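The values are calculated or read from the model by the stated rules, or taken from the named source; none is laboratory data. Fair warning: this is a prediction, and the values are worked out from it, not measured in the lab. With ideal geometry, Cβ positions are generated from the backbone for all residues, glycine too; neighbour counts draw on all protein chains shown.
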Amino acid sequence: MTLPARVSRLLPLAALLCAAAMTGSSRVAAADAKPIPVDDSSFKCITEMHAVRHFFVDNLLGDVEATLAVARQGRGDYPVGSVLQLVPNEVMIKQPKGFSPVTRDWEFFFVDVSEQGSKIYRRGFADVNNRFGGNCFACHVKARPEFDFVCETDHGCDPVPFTREMFGALQRTDPRCKNRAPVSAADAQALKQLGELVKSMTGDAKTN
């Protein structure tokens with residue numbers, strides 16, 4: 001199997017970073033909260049977004065500076081339209097106030113990515129799971145209130161077994177990016193380690 005093929009296979013597996021499970025729907029939407037339209041064309045190469053520390057941000061309504069201000073500060077409420085991504089196929093988008101109080105108005109997306117573009121695989125709020133049953137709300141809800149549902153190492157969320165080198169390798173090998181550089185030896189090693197870790201985790205899940 002070629003390295004690009006392995007990268008594409010690892011992208012959905014990396015979604016296990018939100019491996020906690022939660023059942024049932026807790027979404028309570030305000031009747032007058034009109035959502036921001038989001039479809040496959042709303043997503044793009046992750047490295048074409050704005051880098052802040054180890055993740056990327058954007059704003060679907062064009063208010064990028066306001067989103068960047070909160071991201072750089074590391075705390076505060078993100079403005080409507082904010083887009084946050086750590087890996088190419090998992091996305092958080094801030095919907096209008098009152099649309100989903102239980103998730104602080106964040107909508108979660110699991111996106112299939114390829115050289116042809118993006119395709120929404122799943123979307124939702126407290127009840128959305130990825131391909132492996134991991135529930136992102138269950139991870140992000142543990143972030144302290146001042147961090148607006150955003151997980152970093154000191155925000156109160158459970159730690160994950162993945163390294164920043166693994167996340168960085170996934171970001172730099174996003175298949176949607178037209179001018180991505182050849183995969184470096186360091187990124188190839190990080191992706192190999194990620195594959196081994198995911199294989200071990202999925203094997204443990206099957207035996208439990």
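Of note:
- Of residues in segment 152-164 being of a type outside the set (D, E, K, R) and either at pLDDT below 90 or farther than 18 Å from Asn135 by Cβ (or both), the one farthest from the chain's Cα centre (by Cα): Gly156
- Taking the criterion of being among the polar types (S, T, N, Q) and surrounded by fewer than 19 Cβ atoms within 10 Å (Cβ to Cβ), the only residue of segment 58-92 that qualifies is Gln73.
- Filter result for the condition that a residue is of a type in the set (A, V, I, L, M, F, W, C), under 13 Å from the mean Cα position of the chain (by Cα) and surrounded by 15 or more Cβ atoms within 10 Å (Cβ to Cβ), over Cys177, Cys136: Cys136
- Flag for Phe110 being over 11 Å from the mean Cα position of the chain (by Cα), farther than 15 Å from Phe56 by Cα and surrounded by 21 or more Cβ atoms within 10 Å (Cβ to Cβ): no
- Members of segment 170-203 that are in contact (Cβ under 8 Å) with a residue 60 or more places away in the chain and small (Gly, Ala, Ser): Ala188, Gly195
- Hits in segment 134-165 - residues which are touching a Gly at 6+ places or on another chain (Cβ under 8 Å) and either outside any loop (DSSP other than H, G, I, E, B) or without any contact (Cβ under 8 Å) to a residue 60 or more places away in the chain (or both): Lys142, Ala143, Arg144, Glu146, Phe147
- Enumeration of residues in segment 46-55 that are assigned to a loop (DSSP other than H, G, I, E, B) and aliphatic (A, V, I, L, M): Met49
- Residues that are within 14 Å of Asn89 (Cα to Cα), polar (S, T, N, Q) and not in a helix (DSSP H, G or I) within segment 166-193 comprise just one, Thr173.
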